[in-house]
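**Q** What follows is a structure written as structure tokens; I'll ask about it next.
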Amino acid sequence: MISNIITMGGVKSLKDIDVTGKRVLIRVDFNVPMDAQFNISDDSRIRAALPTINYCIDHNACSITLVSHLGRPKGGYDERYSLRHIQKRLERLLQKRVEFIDDFDTLKTENAQCSIERIFLFENIRFYDGEKKNDPEFCKQLGGLCDVYVNDAFGTSHRRDASTYGIADYVDTKVAGFLMMREIEAFTKALENPIRPIALVVGGSKISTKITLLTSVMQKVDKLIIGGAMSNTFLQAIGYDMKGSLVESDFLETAKEVLEEAKQHKVKVYLPVDVVITDSIDHPIDVKVVPIQDVLDGFHAVDIGPATLKLFSEAIELSNTIIWNGPMGIYEINQFSKGTYKLATIISESYAYSIVGGGDTADAVEKAGEKEKFSFISTGGGASLELLEGKILPGFEKLDRKS
Ligand code: ADP
Ligand code: 3PG
Ligand code: MG
């Protein structure tokens, strides 16, 4: 059976078409984190879109219109989510002037004028009602803005929105940008043509949100390394009392089934042997490391312990491909971040092909200062998770395919 990743990799990319003299609309994902003063704290997603934009400039597109969302505005204009805050950073990164346009009609007249190298940044597309609804009339209007549609918004490619999905019905030429293709190449390397052994390191808060991931990769990986709150549910399922820890009691049976399935597929499972526990998550006074059988009454397991790190690092050092999704603890709180940060260092220093998917995991790797040493960090949180789950992302579905 052809995998979802191979299917998505079969779409045409920008390289397969000619954009000379064409009005090109690029759906980018400029949904970047900002502070209260609108300073961008991480511009990776903007940087990741530059190759596609620059290619269109270098190949003399008549005009380039960038369309993105920012945050989740609740109906209509909201200054906090204006893409105006992105304009300066984009100009600096492109070293080109970018014209910010906040209404449809102006955009339509301006971008049709075909003066080479004009770059338009359109206002947050989610200020329009039709975007999330994938409204056909809105899709048609968007489609009318261009001759070529390029989807390069990997981070939003799991959404069936007008600008990521429906628009493609109203444009003759629709292709993937270089970021979309890079993401697919990275996941192909990790899951379709991996150098074995291949380890999936999985953590985060809930087994319920990642159960499809666990079952769908079971036939592909050799090792499953489980940490974070997710491992609490597994540990509880096999008889340890995790006391006040975050455990999904409705999923104890599911956890047992996953372990059984792993056994059938000869996947070796690694679970924590010790954990960091605390009397309180928000106001910790008593924090200590205990073996998993000794979690105290009223305490919460919030990170993996040093013995677990050693166990996991041995498994990682003997792997040639590592996919990581989900932090090992509550890494947002300094005291509980050690396990996640140390694991980031261990993976980054291994010789394996290492790939990170998951918004919080990518954030943790960045905060650990290890980003540059990973082979690939996906720009998609939810999107990379759905890709790993074996789904075909809507953002690829309607694009032209190579014959
Ligand atoms: P990703 O975004 O990388 O897919 P998730 O969203 O699944 O990751 O999980 C990240 C969240 O899991 C973080 O907010 C982190 O605090 C939480 N988490 C990890 N370990 C624990 C734990 N032991 N107890 C409670 N929350 C945890
Ligand atoms: C993300 O940050 O995960 C993407 O930009 C998608 O945003 P959304 O979850 O609001 O659709
Ligand atoms: Mg998350």
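Each reported figure results from applying straightforward, stated rules to the coordinates on display, with no laboratory input. All of these numbers come straight from a predicted model, not from anything done at the bench. Quick reminder, even Gly has a Cβ in these numbers, built from the backbone with ideal geometry, and neighbours come from all protein chains shown.
**Q** Tabulate in residue order the Karplus-calculated ³J(HN,Hα) for the range 8-20, using 6.51 cos²θ - 1.76 cosθ + 1.60 with θ = phi - 60°, rounded to whole Hz; enter x for Gly and Pro.
**A** 5, x, x, 7, 6, 10, 3, 5, 8, 10, 10, 9, 3
**Q** For the chain, which cysteines have no second Cys with its Cβ under 4.7 Å from theirs?
**A** CYS56, CYS139, CYS146
**Q** So in the chain, what percent of DSSP beta bridges are antiparallel if you round to the nearest 5? Before the final figure, lay out the partial values.
**A** Working: 11 of 50 bridges.
Taking every DSSP beta bridge with both residues in the chain, the antiparallel ones total about 20 percent.
**Q** Please give me, ordered by residue number, the trypsin sites (Lys or Arg not before Pro) of the range 259-313 that lie in loop per DSSP and have at most 13 other Cβ atoms within 10 Å.
**A** On the way: sites: LYS263, LYS266, LYS268, LYS288, LYS310; in loops: LYS266.
For trypsin sites (Lys or Arg not before Pro) across the range 259-313 that sit outside H, G, I, E and B with at most 13 neighbouring Cβ atoms in 10 Å, the list reads LYS266.
**Q** Note down the magnitude of the dipole of the range 28-141 about its Cα centre, charges +1 on Lys and Arg C-beta and -1 on Asp and Glu C-beta and zero elsewhere, to the nearest 20 debye.
**A** Values: 17 positive and 19 negative charges, 54 e Å.
It comes to approximately 260 debye.
**Q** Could you tell me how many degrees, from 0 to 90 and to the nearest 10, lie between the Cα long axis of helix 306-317 and the main elongation axis, the longest principal axis, of the Cα atoms of the chain?
**A** 60
**Q** What angle, in degrees between 0 and 90 and rounded to the nearest 10, separates the Cα long axis of helix 84-94 from the longest principal axis of the Cα atoms of the chain?
**A** Helix 84-94 sits at roughly 90 degrees to that axis.
**Q** How many angstrom separate the Cα center of the range 236-256 from the Cα center of the range 335-403?
**A** That distance is 27 Å.
**Q** Give the residue list of trypsin sites (Lys or Arg not before Pro) in the range 1-75 that are DSSP loop and have at most 14 other beta-carbon atoms within 10 angstrom. All intermediate terms of the calculation are to be shown ahead of the outcome.
**A** Numbers: sites: LYS12, LYS15, LYS22, ARG23, ARG27, ARG45, ARG47, LYS74; in loops: LYS12, LYS22, LYS74.
Listed in order of number, the matching sites are LYS74.
**Q** Which of the listed residues, GLY204, VAL24, PHE251, is farthest toward the dipole's positive end in the chain, when Lys, Arg count +1 and Asp, Glu count -1 at the beta-carbon?
**A** After comparing all options, I get VAL24.
**Q** Helix 338-349 versus the longest principal axis of the chain: what is the Cα-based angle in degrees, 0 to 90, to the nearest 10?
**A** The helix 338-349 is inclined about 70 degrees to the chain.
**Q** I've got another one for you. With runs of 4+ DSSP H residues as the only contributors, calculate the mean residue ellipticity of the chain at 222 nm using -39,500 (n - 2.57) per run, divided by the residue total and rounded to the nearest 500. Provide the component values of the computation, followed by the final result.
**A** On the way: 15 runs with 137 residues, N = 403.
Calculated mean residue ellipticity at 222 nm is -9500 deg cm²/dmol.
**Q** Rounded to the nearest 0.05, what FRET efficiency do GLN264 and ARG80 have when you use their Cβ-Cβ distance and R0 = 45 Å?
**A** Working: r = 50 Å, r/R0 = 1.11.
Computed FRET efficiency for GLN264 and ARG80 comes out at 0.35.
**Q** DSSP loop chymotrypsin sites (Phe, Trp or Tyr not before Pro) in the range 293-395 with at most 15 other Cβ atoms within 10 Å of their Cβ, which ones?
**A** Details: sites: PHE299, PHE312, TRP324, TYR331, PHE336, TYR341, TYR351, TYR353, PHE374, PHE376; in loops: PHE299, TYR331, TYR351, PHE374.
In loop regions of the range 293-395 (DSSP not H, G, I, E or B), the sparsely surrounded chymotrypsin sites (Phe, Trp or Tyr not before Pro) are TYR351.
**Q** Mind checking the full-extension length gain between ASP172 and THR106? Use 0.36 nm per residue of separation minus the Cα-Cα distance, one decimal, nm. Intermediate results must be reported in sequence, preceding the final value.
**A** Numbers: separation 66, 0.36 × 66 = 23.76 nm, distance 2.29 nm.
The ASP172-THR106 span can extend by a further 21.5 nm.
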